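Asks: Dropping the structure in here first, questions after.
Bear in mind these aren't lab numbers, they're just calculated from the coordinates by the rules spelled out. What you see is a predicted model; the values in this text were computed from it and never measured. In this analysis, Cβ positions are derived from the backbone assuming ideal geometry, glycine residues included, and neighbour counts consider all displayed protein chains.
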Amino acid sequence: MPLKSPKTPAATHPAKSVTIFCDGSSLGNGRAETRAAAVALLGFRGIWRSVGTYLGNATNQQAEIAAAAVGLEALREPCRVHLFTDSRYVVETMSGRFRRKANLEWWQRLDKAASRHRVEWEWTKGHDGHVVQEAVDRAARRIATLGRVDEDVLRDAEDSVGTIEVSEIDGASLLT
């Protein structure tokens, strides 16, 4: 069995494995009346916690980047993270396949949030009946519509997911 370098945080403290589903919503997408929000659901051992932020005037791409950052920033210690998003833009850029031409400040925030963790970036189809993805989508849209973060909206997202185990993520049991 290979030994881990003592220089890595995982060598002294085993990293927790966390699953994050995130989504951003921009109602009006860049027009003057745009209202955007970002939400993430973090799963660990069947317990789900939601975090979100109201972004105000942001594009859909910016909201998607912010959603991933918000989820990663909520982690209190370095973790192994399996992050799901319906944004190919985020997955392909963070995987190094897309060049960063715009939204540089947003990417800097995400880079900083991801730097503490080992992140596996995975695209998931949006609006496809996936329980957790649908929950973050609904919450992001509701917060954008309200123009503020509402704890009831975040709690509703957690309640709609229930106690789905992270090990069930790839299974058909997550379809509504």
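Asks: Suppose the Debye formula is applied to equal point scatterers at every Cα of the range 81-162; what is log10 I(q)/I(0) at q = 0.11, 0.19, 0.20 Å⁻¹?
Replies: Debye curve over Cα of the range 81-162, log10 I(q)/I(0) at q = 0.11, 0.19, 0.20 Å⁻¹: -0.37, -1.02, -1.08.
Asks: Another question, then. At 0.36 nm per residue, and after removing the present C-alpha to C-alpha distance, how many nm does the segment from residue 128 to residue 115 gain when stretched out fully?
Replies: Here the answer is 1.6 nm.
Asks: Still on this model: Given 25 °C and 0.890 mPa s, how large is the Stokes-Einstein diffusion coefficient of the range 17-174 in µm²/s, with Rh as the Kirkwood radius over Cα pairs?
Replies: D, rounded to a whole number, is 161 µm²/s.
Asks: Work from the charge dipole of the range 17-174 (Cβ charges, +1 for Lys and Arg, -1 for Asp and Glu, about the Cα centre) and give the residue of 75, 102, 114 farthest towards its positive end.
Replies: Checked the options; the winner is 102.
Asks: Can you tell me which of 98-110, 147-159 comes out highest on packing, and rank the rest after it, using the mean Cβ neighbours within 10 Å?
Replies: The densest-packed peptide leads the list: 147-159, 98-110.
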